[in-house]
Structure formats: C-alpha cells, structure tokens
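All remarks here apply to the structure that follows.
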Amino acid sequence: MQALAESHRPGQRTVPCADAPSDLWSDWLLHRRHGGDPAYGEAVRRAVERYADRVLDGARLRPDMVLADVGAGEGLIAFRAIDRLGPSLRVILTDVSQPMLRHAEDTASRLSVRSQCRFLRCGAERLEGIEDASVDVVATRSVLAYVADKQAALAEFRRVL
Ligand SMILES: C[S@@+](CC[C@H](N)C(=O)[O-])C[C@H]1O[C@@H](n2cnc3c(N)ncnc32)[C@H](O)[C@@H]1O
C-alpha cells in the first residue's frame, strides 16, 4: 500500500484539468480537509484508512469479484481492495464529482491498476451505467450521510447486486 500512500500524500497540489476543474468535494478532500498541513493530512489519512479496512474486512471479497465503490472520492476503498485481492478484482468507482473521478483515475494509472477499474459519474441514488445484478459487493464509506434520498440509494445497491 506504500504506492497508494505516496500517491495520496496530503498537501500535494493537484493540477485542475480542463475537463474537470475543482468543485466543492475536490476542494475539501484534496486541500481543505487537512488545511494544507501535511502532518495533519497524514493523521487524517491514517484514520480513514482504518475505517476503510474495517469496511473491507466485512466485505468478504474474493478474487474475480466485481466491487462497486459508491462515492469513491480518492478511491480509498477501491484501491485498498485491489491491493488485497490482486489483479482479478474488478472495481467500479462512482462519484458525483468529476474532479474526484479524474483524480482517482490518475491514481489508478499511477498504481498500474487502471485496466481493473471503471469510473462512472453518477449519484448513489441512480447508478447509471451499472447493469442489474452485475456487482458482487457494494461498498460505500462516508457517503450516505450526504445522499438526500437514502431509500433510492439502497434500492440501487440492491438492483446492481
Ligand atoms: C467524505 S467523501 C468519502 C470518499 C470515499 N468514500 C472515502 O472513503 O474516502 C464523500 C464522497 O461522496 C461523494 N458524494 C457526495 N454526494 C454523493 C451522492 N449523492 N452520490 C454519490 N457520491 C456522492 C463526494 O463527491 C465525495 O467523493
């Protein structure tokens, strides 16, 4: 997971892409959450990694499965899952934030796992682009709190599973 940790080094500026300028989520997750303080950023990273590992411990993933990481943000769950399971795991990263998807896609390329990943811009309430019964595990961390229609999101999780 060292490569992932390096790729998420807090305080590292990300260059906004023309097709994905910053938004509220990317401003917060990539910059404001740690206030530009690398030491605090490391502490935040270590804390959220512990939560992500608890999610994955409960997910009972196996090789060849398909995992949907809903509201993937930086791809914390998705990339840690790939790190655990290896190259046969396929991962769908969804998010409402185009800049966060772009950031996660860059990270996937840096980690050489891009071919295992799909990136979909959609809300948890409507997982557009994911077929019925095409996913083995839906994981989501620190996202549902921000979803207005939680019932719709849970119905979508059920649909894709
Ligand atoms: C606190 S971050 C968590 C990111 C990631 N799951 C993690 O564990 O680090 C919340 C994420 O949820 C996304 N988000 C917010 N509202 C959403 C919605 N309705 N559907 C899907 N994702 C959403 C944001 O863009 C952001 O990336």
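Please treat every number below as a calculation from the coordinates, not as lab data. Note that the structure is predicted; figures quoted are calculated from it, not measured. Here Cβ is always computed from backbone atoms with ideal geometry, including for glycine, and neighbour counts include all displayed protein chains.
Read through the list (1) within 12 Å of the ligand (Cβ to nearest atom); (2) out of contact with any Asp or Glu (no Cβ under 7 Å at 6 or more places or on another chain), then give the number of the only condition that LEU101 fails.
Among (1) within 12 Å of the ligand (Cβ to nearest atom); (2) out of contact with any Asp or Glu (no Cβ under 7 Å at 6 or more places or on another chain), the lone unmet condition for LEU101 is (2).
Consider segment 46-87. How many of its residues are among the charged types (D, E, K, R) and away from the ligand (no atom under 14 Å from the Cβ)?
The total comes to 6.
Can you give me the number of residues within segment 109-151 that are more than 10 Å from the ligand (Cβ to nearest atom) and in contact (Cβ under 8 Å) with a residue 60 or more places away in the chain?
8
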